[in-house]
1. Name the residue that is surrounded by the most Cβ atoms within 10 Å (Cβ to Cβ), counting only residues in segment 93-111 that are in a helix (DSSP H, G or I) and either touching a Lys or Arg at 6+ places or on another chain (Cβ under 8 Å) or without any contact (Cβ under 8 Å) to a residue 60 or more places away in the chain (or both).
2. Could you list all residues from segment 35-80 that are in contact (Cβ under 8 Å) with a residue 60 or more places away in the chain and either over 15 Å from the mean Cα position of the chain (by Cα) or not in a loop (DSSP other than H, G, I, E, B) (or both)?
3. Scan segment 150-169 residue by residue and report those that are outside any loop (DSSP other than H, G, I, E, B) and either more than 14 Å from Ile15 (Cα to Cα) or in contact (Cβ under 8 Å) with a residue 24 or more places away in the chain (or both).
4. With the requirement that a residue be outside any loop (DSSP other than H, G, I, E, B), in contact with a helix residue (DSSP H, G or I) (Cβ under 8 Å, 6 or more places away or on another chain) and farther than 17 Å from Cys118 by Cα, what does segment 4-34 give you?
5. Mind counting the residues in segment 76-92 that are of a type in the set (A, V, I, L, M, F, W, C) and either surrounded by fewer than 22 Cβ atoms within 10 Å (Cβ to Cβ) or under 14 Å from Asn20 (Cβ atoms) (or both)?
6. Take Phe19 and tell me if it is closer than 30 Å to Ser130 by Cα, without any contact (Cβ under 8 Å) to a residue 24 or more places away in the chain and not acidic (Asp, Glu).
Amino acid sequence: MAKHSLRKINKIDGIPIAFNRINVDTDQIIPSDFCRNTGKTGYGVHLFHYWRYLDGNMDCPDPKFILNESTFQAANILLTRENFGCGSSREAAPWALWEYGFRCLIGVSYSEIFYNNCIKNGILIFTLESEKINNLFKSVEENAGMSMNIHLIQQKIITPEGNSMHFEISEFHKFCLVNGIDQIDWTLQFEDLIIQHEKKVEDGFPWLSLKSDA
């Protein structure tokens with residue numbers, strides 16, 4: 001499979017959705033019924049499938065589900081509550097979020113595997129203290145459809161009202177997102193050093209070499 005090329009992230013501007021549900025697991029994000037593809041595409045249309053469509057019928061979007069509201073059709077920032085992305089480790093969950101259009105997730109807590117899968121697929125994801133999340137939810141709900149700005153370099157959010165809010169993210173994850181690389185790309189920066197080390201080990205301990213003499 002061809003390697004997915006990641007986009008560099010510096011600033012994300014867009015419309016946020018206040019997704020006010022707790023303990024949203026990966027099977028609700030992308031049901032297992034739709035995890036049969038061999039690639040990373042074809043999942044976005046099934047994001048939150050059984051919440052998004054009445055009786056699971058794609059011809060009948062549920063008008064009460066927030067993603068189906070006209071105000072949020074171009075939303076690309078998802079505010080979440082506690083324990084978003086729990087459950088199975090399926091990587092199709094961030095693939096579905098990405099393909100739908102979400103570029104940033106902000107929440108109280110995430111499962112570690114889901115969090116890391118988002119990062120390595122180029123989705124900016126971070127947590128805020130409960131008080132900050134509550135204030136952000138209130139801001140977004142009172143200013144539905146208004147734009148919000150995420151500055152990754154400065155690690156700050158500009159709310160719809162224009163207020164600034166700081167967020168934390170690890171330096172490693174920040175470096176990867178800003179430079180559009182994943183953990184494999186980061187490791188390959190040191191390819192020459194790795195080759196030199198392997199050659200040194202091979203020369204010093206030839207019996208450890210896996211190469212055949214044939």
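1. Checked segment 93-111; the qualifying residue surrounded by the most Cβ atoms within 10 Å (Cβ to Cβ) is Pro94.
2. Of everything in segment 35-80, those that are in contact (Cβ under 8 Å) with a residue 60 or more places away in the chain and either over 15 Å from the mean Cα position of the chain (by Cα) or not in a loop (DSSP other than H, G, I, E, B) (or both) turn out to be Thr71, Phe72, Ala74, Ala75, Asn76, Ile77, Leu78, Leu79.
3. Passing the criteria: Ile150, His151, Lys156, Ile157, Ser164, Met165, His166.
4. Selection gives Ile15, Pro16, Ile17, Ala18, Asp33, Phe34.
5. 4
6. Criteria not met by Phe19.
Residue-wise test of (1) modelled with pLDDT under 95; (2) over 11 Å from the mean Cα position of the chain (by Cα); (3) of a type in the set (Ser, Thr, Tyr).
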{"site": "Pro94", "(1), (2), (3)": "no, no, no"}
{"site": "Tyr100", "(1), (2), (3)": "no, yes, yes"}
{"site": "Lys120", "(1), (2), (3)": "yes, no, no"}
{"site": "Ile123", "(1), (2), (3)": "no, no, no"}
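The values are calculated or read from the model by the stated rules, or taken from the named source; none is laboratory data. Here the structure is a predicted model, which means the values were calculated and not measured. Cβ sites come from the backbone with ideal geometry, for glycine too, and all protein chains shown count toward neighbours.
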